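Visitor: Before I ask anything, here is the structure I am working with.
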Amino acid sequence: MNTLTTQPLAHVLDTLLAQSETITAEDICAATGLSAQVLEQQKSSKTGYTNFYARLKDFAIPGSRRTGELLYMLTRISKPKVVVEFGTSFGISTLFIAAALRDNGGGQIITTEFEPSKVARAQHNLETAGLADLVEIRPGDALRTLGCNLPQHIDMLLLDGAKALYCDILKLAEPKLRPGALVFADDAGDSPEYMDYVRTPANGYMSLD
């Protein structure tokens, strides 16, 4: 038995994942009033992402239990003490990582979300699940919130926000990444700049798809 299978977290995750997994591209287009082509352009833009994600303030960014369980397992195995997450949304990934930290004996997650309503929802979900004591949510644009006051050593970095900023966020955290730190980037293929950076041998990363 682990924290994922116990209450109240199990119920919180079941509810959030049931909602998230039903969201389709058509739903997002209808909610935002933008075509699929414009949505893709904004997702990959370093300026348009704010408009894109603001329009999705009432949606949990679609995720899967499988991805969450992978994050849980990676966290259990690597035993990080400090995790930094880019892109909180409703806190689904945060919950999986926090559960692993709890089962490892403790730790800290610093996560950031620029949409105020999502910050409130994520905080509520973490408190309901009994994991809020492990998490610091920093409201605002990650280029600012993660640009200062990071811990001296970061053991794990999760990139799960605006794909156009993956490389920028990695470079902000890079001076604090301990040797051997784990970097997990969701849908990394949507960020060519990030992929080029981590696959350049001189930058010191080992990259797996």
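The values are calculated or read from the model by the stated rules, or taken from the named source; none is laboratory data. Because the structure is predicted, anything quoted here is derived from the model rather than measured. Methodologically, a virtual Cβ is constructed for each residue, glycine included, from the backbone with ideal geometry; neighbour enumeration extends over all protein chains shown. What goes into the accessible areas is simple: the full protein's heavy atoms, side chains included, and nothing from ligands, DNA or RNA. Shrake-Rupley method; radii C 1.70, N 1.55, O 1.52, S 1.80 Å.
Visitor: For the residue pair Met73 and Ala202, what label-to-label distance in nm results when each label sits 7 Å from Cα along the Cα-to-beta-carbon direction?
Guide: Placing both labels 7 Å along Cα→Cβ, they lie 3.7 nm apart.
Visitor: Excluding same-chain residues fewer than 8 positions from Lys46, which lysines have a Cα within less than 21 Å of its Cα?
Guide: Answer for Lys46, where 21 Å is the Cα cut-off: Lys57, Lys118, Lys163, Lys171, listed by chain and number.
Visitor: Quick one: compute the contact order of the chain, relative version, from alpha carbon pairs under 8 angstrom and 6+ residues apart, as a percent.
Guide: Averaging sequence separation for qualifying contacts and normalising by length gives 19 percent for the chain.
Visitor: Can I ask one more? For the chain, what % of the accessible area comes from carbon and sulfur atoms, probe 1.4 Å?
Guide: Carbon and sulfur atoms account for 55 percent of the accessible area of the chain.
Visitor: Per residue of the chain, what 222 nm ellipticity follows from adding -39500 (n - 2.57) for every DSSP H run with n ≥ 4, rounded to the nearest 500?
Guide: Computed ellipticity for the chain at 222 nm equals -13000 deg cm²/dmol.
Visitor: Starting from 0.36 nm per residue, how many nanometres of slack lie between Thr22 and Asp187 once their C-alpha separation is accounted for?
Guide: Here the answer is 57.5 nm.
Visitor: Related question: What accessible area, in Å² to the nearest ten, does a 1.4 Å probe give for Ile77?
Guide: About 130 Å², rounded to the nearest 10.
Visitor: Mean Kyte-Doolittle hydropathy of 0.0 or higher plus an axial Cα length of 15 Å or more: which whole DSSP H helices in the chain meet both?
Guide: Going by DSSP H runs, the hits are 9-20, 92-104.
Visitor: Can you pull the one-decimal nm distance between simple spin-label points at Arg144 and Thr15, each 7 Å off the Cα toward Cβ?
Guide: 3.2 nm
Visitor: If I take all pairs of Cα atoms in the range 63-132, what percentage of them are more than 20 Å from each other?
Guide: Cα-Cα pairs in the range 63-132 separated by more than 20 Å: 22 percent.
Visitor: Provide the net charge surrounding Ile154, with neighbours chosen by a C-beta distance below 10 Å and charges set as Lys +1, Arg +1, Asp -1, Glu -1.
Guide: Counting the neighbours of Ile154, the net charge comes to +1.
Visitor: Modelling each spin label as a point 7 Å along the Cα-to-Cβ direction, I'd like the Ser64/Arg178 distance in nm, to one decimal.
Guide: Output for this residue pair reads 3.1 nm.
Visitor: So, one more: Going by accessible area, probe 1.4 Å, with all protein chains left in place, what is the ranking of Asp209, Asp133, Asp190, largest first?
Guide: Largest to smallest exposure gives the sequence Asp209, Asp133, Asp190.
Visitor: For the chain, compute the orientation-averaged projected area of the C-alpha convex hull (one quarter of its surface), in nm².
Guide: Its average projected convex-hull area is 10.9 nm².
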